[in-house]
1. For chain A, treating each Cα as an identical point scatterer without solvent, what Debye log10 I(q)/I(0) comes out at q = 0.08, 0.12, 0.13 1/Å?
2. Could you tell me which helices of chain B pass both thresholds, a Cα extent of 20 Å or more along their own axis and a mean Kyte-Doolittle hydropathy of at least -1.0, with helices taken as whole DSSP H runs?
3. Would you please put C:110-118, A:450-458 in order of how densely packed they are, using the mean number of other Cβ atoms within 10 angstrom per residue and starting with the highest?
4. Provide a whole-number value for the mean count of partner chain Cβ atoms within 10 Å of the Cβ atoms in peptide A:69-75.
5. Can you compute the modelled spin-label distance between residue A:144 and residue C:72, with each label point 7 Å from Cα toward Cβ, in nm?
6. In chain A, what cysteines have no partner Cβ closer than 4.7 Å?
7. Please compute the contact order of the range B:119-223 in relative form: average sequence separation of alpha-carbon pairs under 8 Å and at least six residues apart, divided by the residue count, as a percent.
8. Between the helical axis of A:19-41 and the dominant principal axis of chain A, each derived from Cα atoms, what acute angle in degrees is found, rounded to the nearest 10?
Amino acid sequence: MSANHKDHAALAGQFNKDEQRVDWHDQTLWWVRQKRDKAAHQVADWEQLRETASAIKNNTLSRLSEYLEQFEEQATRNGVTIHWAADAQEHNEIVTALLRKHKVDKIVKSKSMLTEECHLNDHLEQQGIEVVDTDLGERIVQLAGEPPSHIVLPCIHKKKEEIGELFHRHLGTPEGNADPQFLTRAARLHLREKFLTRRIAITGVNFAIAETGEFVVCTNEGNADMGAHLADVHIACMGIEKIIPERRHLGVFLRLLARSATGQPITTYSSHFRRPRKGQEMHLVLVDNGRSVQLGREAFRNSLKCIRCGACMNTCPVYRKSGGHSYHTAIAGPIGAILAPNLDMKKYADLPFASTLCGSCSNVCPVKIDIHDQLYKWRQVIVQEGNAPVAKKASMQAMNWVLSHPSVYHTAGKAGRWFMQNIPFAVNNRLNPWYKQRDMPAPPKESFGEWYKKNKSDKNK
Amino acid sequence: MFMRVGLFIPCYIDQFYPQVAVATLQILERSGCEVVYPLKQTCCGQPMANSGFEHLTGGCNELFIKNFAEFDYIVSPSGSCVLHIKDHLHSDQAAAPALAIRSKIYELVEFLTDILRIEKIEARFPHKVGVHQSCHGQRGLKLSQMTELMAPAFSKPERLLKLVEGIELIELDRKDECCGFGGTFCVAEEAVSVKMGKDRVTDHTLHGAEYITAADMSCLMHLEGILERQQSPLKVIHIAEILNAGRQESPSPDKFSNA
Amino acid sequence: MNSREKILAAVRQNQPSFVELPPMQSPDNPGIPGEPTGSAEEEDLLLKNFQAVLESIGGTLFVVPGFGAIEKIVRERSVADARIVSTCPELSAVAEIDIRYKAPQELADIDLAIIRAHFGVAENAAVWVTEDLLPERALPFICEHLAVVLHRKDLVATMHDVYERIGSADYGFGVFIAGPSKTADIEQSLVLGAHGPGTMTVFLLDMDASDSQ
C-alpha cells in the first residue's frame with residue numbers, strides 16, 4: 001500500500017469518528033435503495049429486463065471495435081466531429097485545443113464522470129480556463145473544492161446547512177438559510193447567467209448508438225440541454241464502452257437506468273443528439289484510458305458493461321458507512337473497486353478488500369456485472385502481483401502450513417490454542433483491532449474435536 | 001434412508017462454539033444419518049482465499065478431499081465455508097473426487113430442507129428470535145430470497161424455525177443487510193465492520209429480539225462480541241441449537257464453559 | 001500510429017469472442033411486451049397509467065376535446081403580461097405563434113411555451129419531442145413553464161413500444177420529457193424547477209372528451 005495517501009480503511013476510520021453523521025449518510029442512501037426496489041417491483045419481469053440488458057452489453061463488448069467504427073462513420077456523416085483519446089491527458093489536450101481554437105476561456109459543463117476521471121477541470125483551470133459545473137450537486141462540490149462522492153448524487157455527503165453556508169459565501173444567499181427550495185432557486189439564477197453567456201458547453205454521454213451515430217444524455221435538471229442548445233460548440237466526452245448497438249436497445253436501458261439509480265421511472269430529460277444545430281459545431285471525444293486493457297482481462301472485462309447508475313453504491317453497506325471519499329478515486333463503491341485497480345494496481349490495491357463480499361451489489365446491477373466475484377478475483381491478482389502487505393503474506397503462509405498439517409493444528413493444546421494465536425480475528429491480544437469495540441468468547445473447556453474423541457470416536461474405527 | 005454423512009466443522013466452531021457442532025451432530029443422527037467427524041480435518045481455506053491467497057490453499061484442499069471424499073454427503077453448520085468449498089475446491093491430483101465433493105456438500109439448513117426434507121421438528125424454544133440472513137448462505141447457497149431480486153419470497157431457515165414449538169420470529173427493518181464480519185475484513189476494516197455489526201444489533205434490539213440466530217457462527221461471533229461489549233441482554237444462538245432445543249440431551253454452552 | 005489506430009487495434013485484439021444479441025420482442029422474452037391489442041380497456045388503462053405517473057412526478061394532465069378548451073385553460077391560468085409562445089397555430093388567440101428571435105438566448109424571457117409531442121409513454125409519463133416540432137432546440141428547456149399537446153391515440157405503454165413507433169426516424173435532435181425539471185441534490189429533498197421549466201402540463205386531445213374538466 002502506498003505511503004503517499006491514506007487507504008480505504010484509514011479514511012473509513014476517519015469517517016466513522018462521527019457516528020451520527022454515518023447514520024445520516026447510511027440512512028439516506030438506504031432510502032435511495034428502497035426507492036429502487038419500489039420502482040423495480042413495478043416493472044413486470046424486471047429480472048428478464050436485466051438479463052436482456054446484460055446480453056446486449058455482452059454482444060457489444062464482443063464486437064466493440066466494429067461498433068466503434070460504425071458509430072464513428074454514422075456520426076461523421078451526421079456532421080459530428082469524432083476525436084480519439086488514448087488516455088486522460090490526451091482527452092484533456094483535445095478539449096483544450098478546441099477551446100483555444102474558438103478563443104473561449106469560460107465554459108459550462110454538465111455531469112460527466114469521464115471528465116472527472118480525467119481530471120479535466122484541474123487541467124483546464126491550469127490553462128486559465130474557467131469551468132462551471134452546472135449539475136447542482138457538482139456545482140456544490142466544485143464550490144467546496146471537493147470531488148463528488150457518488151457518481152449520481154455528487155454531494156450526498158453534504159448537509160443542507162453546509163450547502164447553505166457555501167451558497168452564502170459564493171452566491172451571496174442570506175446566512176443561515178438552508179432551505180433546499182430557496183437554495184435551488186438561487187442556483188438556478190446563478191447558473192442561468194452562465195448558460196446564457198457561455199459559447200462552449202461540455203456534456204457527458206450516457207449511451208452512444210452505433211446504428212445511427214446519435215448519443216443520449218440523461219438529466220433531471222435540464223442543465224446539459226441548457227448548455228448545449230445555447231452554445232456555439234457542444235463537446236461530448238465518453239468512454240468507449242458506452243456504445244450500444246441499436247436505437248431500439250435504448251428502450252431496455254432507459255427503462256433500467258433511472259429506476260436503478262434513483263427509483264424514478266425515467267430522468268426528466270433523455271436527450272438524443274444526432275446532428276449539430278444549424279451553425280453549431282458538435283464534437284465527441286472517444287476515450288480509452290485503460291478500457292481496452294480491461295477489455296483484455298477475461299475475469300474483469302464485464303466491469304465495462306457498467307451504465308453508471310450507482311445502484312451498487314446505494315446498496316453497499318460498506319459504501320454507505322464509509323462514504324465515497326474513502327475510496328480516493330473518481331468512481332467509488334463496488335464498481336469503482338473493480339475498475340480502479342486496472343488503472344493503477346498499487347494505488348488502488350486496498351479497494352477490492354473494502355468489502356465483505358456480501359453480493360448485494362451484483363444483484364442490483366442492471367447489467368448483471370458479477371461485481372462481488374470480481375472483487376474476490378482482484379484480491380488474488382493483487383496478491384500475486386506483489387501488492388499485499390509483507391506482514392499479511394507471512395501470516396498467511398504460516399496459516400497455510402498449520403492448516404495443512406492437522407497434527408500440528410490439533411496438538412496446539414488447551415492452554416495456548418494455536419488458533420487463538422494466529423487466526424486474525426481471534427488473536428488473543430488487546431492490541432488486535434478486534435478488541436477495540438468487541439469482546440471475544442472465552443475459550444470453552446474442550447473443543448468439539450476433543451468432545452467427539454471422548455464421546456463418539458467409536459465411529460471412526 | 002441410510003446415509004453416511006461426513007461432519008465438517010469450521011475451525012472457530014470447533015474452538016469456540018463446540019455446542020453448535022454437537023447440536024448439528026445430534027440433529028443429523030436423530031434424522032437417521034450415520035454421522036462421522038473425520039478427526040484430521042482442519043479448515044476449508046476460506047480465510048486465506050478471501051485474503052487473496054487462494055494460491056496457498058492447495059494443502060487445505062488436499063486435506064479436505066482426503067478427509068471427506070468417502071462420504072455420501074458432507075454437512076456443515078456453516079454457509080460461508082460450504083459455499084467456499086462448492087465454488088473453489090479443486091485439485092490437480094484428485095480432480096474427480098474434488099468435483100464430487102462440490103456437489104455433495106451441504107450446509108445444515110439446506111441439507112435438512114432439500115435432502116432430508118424435514119417436515120417436523122421436535123424442539124421447543126419459546127423466545128422472540130431475530131433471523132440474521134448470513135450473506136453467503138443467502139446469496140450464495142440460496143437459503144432464502146434476497147431483497148435485491150424481484151422474485152418470490154422464501155426462506156429455508158425460517159421455514160424450519162417455524163416448526164419449533166413456542167418460537168416467535170420478529171420482523172426487521174433491513175432483512176438482509178450484511179453484519180460486517182467478512183473474514184479478515186473484521187480486523188482490517190475494524191471501524192466499518194463494527195459499525196455494520198452495531199447497526200444489525202440495533203435493528204434486532206428495536207424489534208424486541210431476545211435471541212439473534214443465523215446459519216453462520218462467524219456472523220454471530222461478531223455480533224456477540226458487540227453485544228457483550230454493550231452489555232446487552234440480547235444473546236446469539238446458532239440455528240442448529242434452536243432446532244435441537246428443549247431436549248434432554250441438548251448441550252448448553254455452560255456445559256462447555258470454563259466458568 | 002495515431003490514437004484512433006492504437007485504440008481500435010487494442011480493442012480488436014482484446015475483445016472477447018462473438019456473443020449474439022438477445023432476442024427482443026418474443027414469447028421467450030416477457031420483459032419486452034408484445035403488440036398492443038388496441039382494445040378500449042387497454043386504451044383506458046394507458047390513459048389512467050399515464051395520468052397517475054405524470055401526477056406522481058409533478059406534472060399536470062388535462063384531457064380536452066379540442067384547442068378551444070386549451071385556450072380557455074391557458075387564459076384562466078396566466079397572468080396578464082406573461083410571454084406565451086406556441087407552435088400550434090390554433091392557439092394564436094393566447095400565444096405568440098410566429099416566434100421572432102435571432103439567437104436562442106432571446107427565448108429566455110418566455111413564461112409559457114406550448115408545443116406538440118409525437119408520443120407519450122404511459123409507464124413513465126415521458127413525451128417524445130423532436131426538432132421538427134420546435135422552432136429552436138432550446139425552447140422546451142429555457143421557458144419558465146412548459147405545456148405539451150398530445151393526441152390520446154399517440155399514447156403507448158412502454159419505452160419498447162415508443163421506439164417501435166419512432167423506428168428509423170431521421171431527427172437531428174429528439175428528447176423524452178417527463179415532468180418538470182427537478183433536483184434532489186440537497187439532502188434528497190425533491191425540488192421542482194431546476195434549470196429547465198418548473199412546471200409541465202400535458203393537454204391530451206381526445207375528441208370524445210367533455211369540455212368541462
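Taken together, the values in this text are just the output of simple stated rules run on the coordinates, not laboratory data. Bear in mind that the values here come from a model prediction, so they are computed numbers and not experimental data. As a convention, Cβ positions derive from the backbone with ideal geometry for all residues, glycine included, and neighbour counts pool all protein chains shown.
1. Each listed q corresponds, in turn, to -0.54, -1.08, -1.24.
2. On the way: long enough: B:190-206 (24 Å, -0.50).
Qualifying helices, which must be both long enough and hydrophobic enough, are B:190-206.
3. Details: C:110-118: 21.3, A:450-458: 14.6.
Ranking the peptides C:110-118, A:450-458 by packing returns C:110-118, A:450-458.
4. Numbers: counts 4, 0, 0, 2, 0, 0, 0.
Mean shielding by partner chains, rounded to a whole number: 1.
5. According to this spin-label approximation, the distance is 5.1 nm.
6. Lacking a cysteine Cβ partner under 4.7 Å: A:118, A:155, A:218, A:237, A:306, A:309, A:316, A:365.
7. Values: 154 pairs, mean separation 38.8, N = 105.
Once normalised by length, the contact order is 37 percent.
8. Computed tilt is about 70 degrees.
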